[in-house]
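**Student:** There's a structure below that I have some questions on.
The values are calculated or read from the model by the stated rules, or taken from the named source; none is laboratory data. The structure presented is a predicted model; accordingly, all values stated were derived computationally and were not measured. Cβ placement follows ideal geometry from the backbone for every residue including glycine, while neighbour counts extend to all protein chains displayed.
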Amino acid sequence: MNMLRASTLILALLSLMLPAGSPCAQAPETVCIQCHGSLQDKLGAPVGLWRTSIHAENDISCNGCHGGDPKDAAYAMSPARGFIGVPSEVDTPGFCGRCHPGVLKDYLSSAHGKALGNGGPTCVTCHGNHDIVKATLSLINEKSCTRCHSFERARIIRDAMQGTEASIQGIGERIGGFQATGVDTERLAKGLFAVRNSFHSLFHEVNVTRVKSESSRINAELAKLDKDLRAIEDARERRKVAGAIVVAGLLAAAFLAHLLRKSFEKR
Amino acid sequence: MSLLKRLYRFVDLRIGVGEITDKELTGYLLPRNINGWYSLGSILLFAFALQVVTGMLLLVYYVPDAEKAFQSVNHIMNGVPYGWLIRLIHAVGSNTMIAVLILHMLSTLAMGSYKSPRELNWVTGFLLFSLVQGISLTGYLAPWSQLSFWATTVATNSVSALPVAGPGMVEFLRGGKLVGPSTLGRFFALHVAFLPLVIGVVIAVHVFLLKRTGISTPPFGKGDTKNAWQGESYRYESHPGGIPFFPDFALHDLSSILIYLAVLFGVVFFWPTMPFTPDAFVPADPFKTPAHIKPEWYFLANYQTLKILPNELLGLTVQGVAMTFLALLPFIDRSPERHPLKRPLFLALVVTGIVLWVGLSVWGHLS
């Protein structure tokens, strides 16, 4: 009887410990994607493009830009529920700038922004409209730029910024690596975020001199972050040396205890 | 007479220290063919004590509040001098302790040491195994990270598959419909107060039973490997002419504990991410489910069993039956033979069980 109770208790305890099921629960798709995703024509094409975008990667869905109600098919495109639809060419920067106000400001003050409405490019000209890619220097390329003008000046700007972008990316990866092992990287991540923002503000700059001087300032900031990261790396190395000494000491002590026991066995 | 000797004589005259030493240390004789596997129990005692000490130290800075828990652990890892070391010893130590516990159980199985009159030793040992898994699970939630939050969500959710009482039990465990601050409070209380106390008591019972039955003789290096106990009356298994516990086997225990520590520190210093995934360093977010949340390695076989079987209730039942079989093994296996090679059916079952467990764990890890 007591054993029955014990086994019942064990079963109950075990049942409390068993992990189960698939932990991964995908967010339900919006009605926009359900409807447009099934369409084969140009009304369905944006869904496929969006799936490859930086917006999809960050869970920014159709309603994030176009408004409307993503949960109610009947009112999904109702202006009463905030549906905006497709912006006109001149409204496009303002459309994107609702979420990217800093970039909008940089764009409007640039040669590109000043040519808005007069044949100048809008955001989607370079960044795409649904297959929006992460803003990197690879967007400044001969094929894209020569649609409107020569690549000469753009090449100089890109070359000046290329090293800085690689540094930002490298430091970002190092911070991410430390963050994934429990290092408090909040201050470093914020520092990099500020540097990256300054750097991105240059993406719409066409003044070569300013790009070069700003790149130097940004590189100096990156050097400070690099120094902090090196300090963490050095501390990690010192820990490993200490660890090696501790482990070797413990193994030597274990061996000594073993030898001592052997001497008692002989006695 | 030196001061030390006078002090010893003072204590001995009053509480008989010399008698205790004779009886429990130098006069406590162990079988001559005792082997290294017998040290695993001492290692486990040490490992549990280490968990208690490091846990107490962590309590100095840990804040069991859903709003502050993650930051407090972050502070321990980065701001408190050697906090990272204490936390890593505690986190890695829980894993190494379970690994040693499994080895201890396997050696007991292989040497037939669970057989009469040691059924209760096995049952209390099995209970300790379950309790240690429970204390590990409740400790998992403490850092309030994405890993903690979602692993606890998944683990507690499985209880809902139990008929009738399941949903109510889940709510009772969580302190609400979902994992939240109430769950942290409950798990924290279980982890730092209730379970350590229960484990301490069961360890005491386990050691008491060991002292009353005596150490079993290993079935190796001797002709007759059958269990000599007939069950007619209580008998302490003594080992006349055996080796003394102190200093001989105590040095063996010390050597084993130092090797255990070397392995533990090896992981702490050279593989500190062993008990963690990157999600362990992201604050819990109930609105964002991470892509791949998996339980600790010792729960992977359970996890995979539940995944491959058609429904969770069947999975729980299969595991419950398997665990009950293991818990009650001394009452099922009544054969007197103890040598593993003279028990082919038993050996085949053990090997199959190990292969199945490892296979399911690897499958669970890769899936």
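**Student:** Residues in the stretch A:205-223: is at least one touching a Cys at 6+ places or on another chain (Cβ under 8 Å) and either within 20 Å of A:Cys126 (Cα to Cα) or within 14 Å of chain B (Cβ to nearest Cβ) (or both)?
**Tutor:** Of the residues in the stretch A:205-223, the ones touching a Cys at 6+ places or on another chain (Cβ under 8 Å) are none.
No: the stretch A:205-223 contains no residue that is touching a Cys at 6+ places or on another chain (Cβ under 8 Å) and either within 20 Å of A:Cys126 (Cα to Cα) or within 14 Å of chain B (Cβ to nearest Cβ) (or both).
**Student:** List the helices (runs of 4 or more DSSP H) inside the stretch B:120-193, counting only whole elements, that have at least 2 residues being free of Cβ contacts under 8 Å to residues at least 40 places away in the same chain, farther than 27 Å from B:Leu101 by Cα and more than 10 Å from chain A (Cβ to nearest Cβ).
**Tutor:** Values: elements: B:146-157, B:166-174, B:181-189.
The qualifying helices (runs of 4 or more DSSP H) are B:166-174.
**Student:** Scan the stretch B:227-277 for residues that are touching a Ser or Thr at 6+ places or on another chain (Cβ under 8 Å), small (Gly, Ala, Ser) and more than 14 Å from chain A (Cβ to nearest Cβ) and jot them down.
**Tutor:** Of everything in the stretch B:227-277, just one residue is touching a Ser or Thr at 6+ places or on another chain (Cβ under 8 Å), small (Gly, Ala, Ser) and more than 14 Å from chain A (Cβ to nearest Cβ), namely B:Gly231.
**Student:** Condition check: touching a Gly at 6+ places or on another chain (Cβ under 9 Å), among the β-branched types (Val, Ile, Thr) and surrounded by 14 or more Cβ atoms within 10 Å (Cβ to Cβ). Does A:Val103 satisfy that?
**Tutor:** Details: touching a Gly at 6+ places or on another chain (Cβ under 9 Å): yes; among the β-branched types (Val, Ile, Thr): yes; surrounded by 14 or more Cβ atoms within 10 Å (Cβ to Cβ): yes.
Considered against the rule, which asks whether it is touching a Gly at 6+ places or on another chain (Cβ under 9 Å), among the β-branched types (Val, Ile, Thr) and surrounded by 14 or more Cβ atoms within 10 Å (Cβ to Cβ), A:Val103 comes out as yes.
**Student:** Something else about it: Give B:Leu197, B:Leu258 a once-over and let me know the one that is among the aliphatic types (A, V, I, L, M), touching a helix residue (DSSP H, G or I) at 6+ places or on another chain (Cβ under 7 Å) and assigned to a helix (DSSP H, G or I).
**Tutor:** Numbers: B:Leu197 fails: touching a helix residue (DSSP H, G or I) at 6+ places or on another chain (Cβ under 7 Å).
Answer to the selection: B:Leu258.
**Student:** When you look at A:Gly94, is it on the phi < 0 side of the Ramachandran plot and either surrounded by fewer than 13 Cβ atoms within 10 Å (Cβ to Cβ) or not assigned by TED's automatic domain parsing to the domain that holds A:Asn207 (or both), yes or no? Break it down stepwise before answering.
**Tutor:** Details: on the phi < 0 side of the Ramachandran plot: yes; either surrounded by fewer than 13 Cβ atoms within 10 Å (Cβ to Cβ) or not assigned by TED's automatic domain parsing to the domain that holds A:Asn207 (or both): yes.
Yes; evaluated as a whole, the condition is true for this residue.
**Student:** Sort out which residues of the stretch B:309-318 are in contact (Cβ under 8 Å) with a residue 24 or more places away in the chain and either within 8 Å of another protein chain (Cβ to nearest Cβ) or part of a helix (DSSP H, G or I) (or both), and write them in order of number.
**Tutor:** Keep residues of the stretch B:309-318 that are in contact (Cβ under 8 Å) with a residue 24 or more places away in the chain, which gives B:311-313, B:315-316.
Of everything in the stretch B:309-318, those that are in contact (Cβ under 8 Å) with a residue 24 or more places away in the chain and either within 8 Å of another protein chain (Cβ to nearest Cβ) or part of a helix (DSSP H, G or I) (or both) turn out to be B:Glu312, B:Leu313, B:Gly315, B:Leu316.
**Student:** Based on this model, can you work out whether B:Gly112 counts as surrounded by 23 or more Cβ atoms within 10 Å (Cβ to Cβ) and away from chain A (no Cβ under 13 Å)? Write out each step before concluding.
**Tutor:** Details: surrounded by 23 or more Cβ atoms within 10 Å (Cβ to Cβ): yes; away from chain A (no Cβ under 13 Å): yes.
The answer is yes for B:Gly112.
**Student:** Within the stretch B:326-364, can you find the residues that are exposed (fewer than 13 other Cβ atoms within 10 Å of the Cβ) and under 20 Å from B:Ile102 (Cβ atoms)?
**Tutor:** Once the filter is applied, which keeps residues that are exposed (fewer than 13 other Cβ atoms within 10 Å of the Cβ) and under 20 Å from B:Ile102 (Cβ atoms), the stretch B:326-364 yields B:Ala348, B:Val351, B:Thr352, B:Val355, B:Val358, B:Gly359.
**Student:** For the stretch B:194-219, what are the residues that are more than 22 Å from B:Ser130 (Cβ to Cβ), without any contact (Cβ under 8 Å) to a residue 40 or more places away in the chain and of a type in the set (Gly, Ala, Ser)?
**Tutor:** Selection gives B:Gly214 alone.
**Student:** Also: Being modelled with pLDDT under 50, over 21 Å from B:His292 (Cα atoms), more than 8 Å from chain B (Cβ to nearest Cβ) and surrounded by 11 or more Cβ atoms within 10 Å (Cβ to Cβ) narrows it down to one residue among A:Ala12, A:Ala6; which is it? Let's see the steps before the verdict.
**Tutor:** Working: A:Ala6 fails: more than 8 Å from chain B (Cβ to nearest Cβ).
Residue meeting the stated conditions: A:Ala12.
**Student:** A further question on this structure: Return the only residue of A:Arg174, A:Arg230, A:Arg261 being surrounded by 12 or more Cβ atoms within 10 Å (Cβ to Cβ) and within 30 Å of B:Gln146 (Cα to Cα).
**Tutor:** On the way: A:Arg230 fails: surrounded by 12 or more Cβ atoms within 10 Å (Cβ to Cβ); A:Arg261 fails: within 30 Å of B:Gln146 (Cα to Cα).
Only one candidate qualifies: A:Arg174.
**Student:** Report yes if B:Phe10 is surrounded by 19 or more Cβ atoms within 10 Å (Cβ to Cβ) and either modelled with pLDDT of 95 or more or in a helix (DSSP H, G or I) (or both), otherwise no. Write out each step before concluding.
**Tutor:** Details: surrounded by 19 or more Cβ atoms within 10 Å (Cβ to Cβ): no; either modelled with pLDDT of 95 or more or in a helix (DSSP H, G or I) (or both): yes.
Taking the combined requirement at face value, the residue does not satisfy it.
**Student:** Can you say whether A:Arg155 is over 30 Å from A:Gly48 (Cα atoms) and away from every other protein chain (no Cβ under 14 Å), as far as the supplied structure shows?
**Tutor:** Working: over 30 Å from A:Gly48 (Cα atoms): yes; away from every other protein chain (no Cβ under 14 Å): yes.
In short, yes.
**Student:** Let me ask something else. When you go through (1) at negative phi; (2) surrounded by fewer than 20 Cβ atoms within 10 Å (Cβ to Cβ); (3) out of contact with any Gly (no Cβ under 9 Å at 6 or more places or on another chain); (4) of a type outside the set (Gly, Ala, Ser) one by one for B:Leu57, which number turns out not to apply?
**Tutor:** Only one criterion is unmet by B:Leu57, namely (3).
**Student:** Under 6 Å between Cβ atoms, which residue pairs at least 6 apart in sequence (or on different chains) link something in the stretch B:225-254 that is in contact (Cβ under 8 Å) with a residue 60 or more places away in the chain with a partner that is assigned to a loop (DSSP other than H, G, I, E, B) and of a type in the set (Ser, Thr, Tyr)?
**Tutor:** That search, which allows pairs on different chains as well, returns B:Trp229/B:Ser116; B:Phe245/B:Tyr28.
**Student:** Of all residues in the stretch B:286-299, which are at the interface with another protein chain (Cβ under 9 Å from one of its Cβ atoms) and assigned to a helix (DSSP H, G or I)?
**Tutor:** Passing the criteria: only B:Phe299.
**Student:** Condition first: within 21 Å of the chain's Cα centre (by Cα), more than 23 Å from A:Asp91 (Cα to Cα) and either part of a loop (DSSP other than H, G, I, E, B) or not acidic (Asp, Glu) (or both). Now tell me which residues in the stretch A:49-74 satisfy that.
**Tutor:** A:Arg51, A:Thr52, A:Asn58, A:Asp59
**Student:** Could we say that B:Pro283 is crowded, with 18+ Cβ neighbours inside 10 Å, under 30 Å from B:Asp65 (Cβ atoms) and more than 8 Å from chain A (Cβ to nearest Cβ) here? Walk me through it before giving the result.
**Tutor:** Details: crowded, with 18+ Cβ neighbours inside 10 Å: no; under 30 Å from B:Asp65 (Cβ atoms): yes; more than 8 Å from chain A (Cβ to nearest Cβ): yes.
The answer is no for B:Pro283.
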